[in-house]
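Data first, discussion second: the structure below is written as structure tokens.
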Amino acid sequence: MLLWCALASAQAGDKLLPGAQARDWLMRMHAAATQRNYQGTLVLTADGTMSSSRVAHFCEGSQTYERADVLDGQVRRVLRHNDRVVTLWPDSKVAHVEQREPIRPFPALPSTGDDELFDRYDMVAEGPGRVAGHDAAVFLLRPRDASRFAQRLWAEQASGLLLRADVLAQDGRVLETTAFSDVAIGVKPQPDSVVSAMKKLDGYRIVKSLPQRTSLDVEGWRLKNPVAGFRQVSCIKRSLDPLADDTRSVAAEVVQAIFSDGLTHVSLFIEPYQAERHRPGAAMIGATHTWMQPLGSHWLTAIGDVPMATLKQFAAALERAR
Amino acid sequence: MNDEDSMNEPNAAAPSRWRAQLSALMDGDRHAADEACRAWAGDASARADWHTYHVIGEVLRSEDAACSAASDARFLVRLRERLAAEPVVLAPEVSRLPVRARRAWMAPAAVAAGFVAVAGVLLATRLATPQESRDAVPALARNPGVEAPATALAGLRPLPAPASTMATDPGGAASRDGAMLIRDPELDRYLAAHRQYANASPLVIPGGVVRSATVVAAPGR
């Protein structure tokens, strides 16, 4: 750990942002993403593959509306009004209606002064940049230990809206990129276009999923030692396969515990072990790593945009409480 | 083809006939395909003619293309050797389940084939390359606090060809597993569920709802 810190601080020529400025920028990014009206094309790139979507985000008072049309592969549209999310599959005429668990804003939000994020990351200003025709300020959020990845962020100068985010491996390689290829900021809000589309479900088979709130404790699990820098922010019980036909053997409900370090999050899925479904292993997709292993008569799937070693720490720490 | 004789005894067809068919196929006549392919497969002189026709066509366009049929064959042999020497990227483990159980597991996979195309856009699961395995070691070495024995990295190593027959006991120790899970539609469900919570972070990436949508499984019908 010391060695890692020494290496990190040895990188000369950094323009480490003072805490107040760093907080200010993060707050602006957050406010812009949640409160501005914008519309654009978002491109996700990972492992040499890409996928793009038309996205629109509207805000009126405390109400948030979002629409996304995924442009690659099967036609699908995601509509969101606050915590209610509807995913439409026009080809198969299925509508998946979800009431998503609202996550309480992480206390690392600048106003509280409880800066967990800045305990884990240093923010470095990397000067001006340009994304999707907008002038941007470029920042590097550099982790202070090896349990998480760095992120490079491009924030629009005027509004602070995040135009691009790269997740970087420890050797500096870009693992994945999320970026606008074009975006209009400050568009006229059209919440009706979202709300009416959410109501127009004639001819759709409607599938609902409602996660239930629970806790690791209630489910009989505990982390015997915490993983450095991660805090549990939510725990729910849910079905992973609400779209399954009745004829298919449906995966039982899983417990999903979510841990956050203020920037990224890790999900631990716990469920009864099923020999025909579960095989131990590991996988990675862009920056997202997955680790699967048995836990006695249960099965753990740990997923997060963190190094595999971090997921293994979670796996090693999780134990049956009763 | 509706020529009964050539159906039953492909190579008995007169060379002049299959030459005509090869020529027609080159010109894009799909009706000539059956007979021409049979002739190509069954008769070395037909293959030589096929090659010659192409060489004639190529040379008419560029003289660089002039080469013998044997060099094509040598190229193919070299290609096969190189392919055989490549490490196997996809290494499905051998299932120890009885056939019926295996089929039950395969069925959802088949149903899910429709959404592999969807999710696959972003989710072409890849194995760590040897490069990355090497990278991971110094990364861990830098952090003595992390209890990640080198053996745990075994899971990140691409498997050599013979390892495709390696069976992993589903209940066995994960630390010694050699198999990677690849493009498993089951995994997409977990991934989608995980990504719904992108707003757990104060750093809201615009269009976060999209990110989870890219892995949402399409209903299988």
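Any read-out appearing in this document is the output of simple, stated calculations on the displayed coordinates, not a laboratory observation. Every value quoted in this text rests on a predicted model; they were computed, and no experiment measured them. Using ideal geometry, Cβ is built from the backbone for each residue, glycine included, and neighbour counts are taken over all protein chains shown.
What is the distance, in nm, between label points placed 7 Å from the Cα along the Cα-to-Cβ direction at B:A73 and at A:R222?
Placing both labels 7 Å along Cα→Cβ, they lie 7.4 nm apart.
Averaged across A:28-35, how many Cβ atoms of other chains sit within 10 Å of each residue's Cβ atom? Could the numbers behind the result be given before it?
Working: counts 0, 5, 4, 1, 2, 7, 3, 0.
Mean partner-chain Cβ count within 10 Å for A:28-35: 3.
Determine the alpha carbon to alpha carbon distance for each of A:K93/A:K208; A:K93/A:K237; A:K188/A:K208; A:K200/A:K237 and list only those over 21 Å. Mind dumping the intermediate values first?
Values: A:K93/A:K208 14 Å; A:K93/A:K237 27 Å; A:K188/A:K208 31 Å; A:K200/A:K237 29 Å.
Pairs exceeding the cut-off: A:K93/A:K237; A:K188/A:K208; A:K200/A:K237.
Report the trypsin sites (Lys or Arg not before Pro) located in segment A:158-213 that are in a DSSP loop and have at most 13 other Cβ atoms inside 10 Å of their Cβ, or state none.
Numbers: sites: A:R164, A:R173, A:K199, A:K200, A:R205, A:K208, A:R213; in loops: A:R173, A:K200.
Sites meeting the loop and neighbour criteria: A:R173, A:K200.
What ranking of A:V194, B:V55 emerges when the number of other C-beta atoms within 10 Å of each C-beta is taken as an exposure proxy, fewest first? Please report the intermediate quantities before stating the final value.
Values: A:V194 21, B:V55 16.
By the 10 Å Cβ count, ascending, the order reads B:V55, A:V194.
In percent, how large is the relative contact order of chain A, given Cα pairs closer than 8 Å and 6 or more residues apart? Mind showing how you got there, number by number?
Numbers: 688 pairs, mean separation 50.2, N = 322.
Here the relative contact order equals 16 percent.
Work out the mean other chain Cβ neighbour count within 10 Å for the residues of A:306-316 and drop it here as an integer. Each step should come with its number before you reach the end.
Working: counts 0, 6, 8, 9, 2, 0, 8, 4, 0, 1, 3.
Across A:306-316, the average partner-chain Cβ count within 10 Å equals 4.
Could you pull out every one of the lysines with an alpha carbon less than 20 Å from that of A:K312, ignoring same-chain neighbours closer than 8 positions?
Hits, sequence-local ones excluded: A:K224.
Across peptide A:166-174, what mean number of C-beta atoms from other chains lies inside 10 Å of a residue's C-beta?
On the way: counts 0, 0, 0, 4, 7, 7, 0, 3, 0.
Whole-number average of other-chain Cβ neighbours for A:166-174 is 2.
If you add up the charges near A:E319, with Lys and Arg at +1 and Asp and Glu at -1, over every other residue whose beta carbon is less than 13 angstrom from its beta carbon, what do you get?
Values: positive: A:R222, A:K224, A:R320, A:R322; negative: A:D217, A:E219.
Here the charged neighbours net out to +2.
Are there any helices in chain A, counted as whole DSSP H runs, that stretch 24 Å or more along their axis by Cα and score at least 1.0 on average by Kyte-Doolittle, and if so which?
Working: long enough: none.
Helices passing the filter in chain A: none found.
Pop the C-beta distance of A:T34 and A:A275 into the FRET formula with R0 = 45 Å and round what comes out to the nearest 0.05.
Values: r = 44 Å, r/R0 = 0.98.
So, using R0 = 45 Å, E works out to roughly 0.55.
How do A:H134, B:H31, B:H51, A:H265 rank when sorted from fewest to most other Cβ atoms within 10 Å of their own Cβ? Don't skip to the answer; put the middle values down first.
Numbers: A:H134 21, B:H31 12, B:H51 18, A:H265 25.
Lowest count first: B:H31, B:H51, A:H134, A:H265.
Compute the length gained on full extension between B:Y53 and B:A33: take 0.36 nm times their separation in residues and subtract their Cα-Cα distance, giving the result in nm to one decimal. Let's see the in-between values first.
Numbers: separation 20, 0.36 × 20 = 7.20 nm, distance 1.54 nm.
Going from the current span to full extension adds 5.7 nm.
Suppose each label sits 7 Å from its Cα in the direction of the beta carbon; what would the A:L71-B:R17 distance come out to in nanometres?
Placing both labels 7 Å along Cα→Cβ, they lie 5.4 nm apart.
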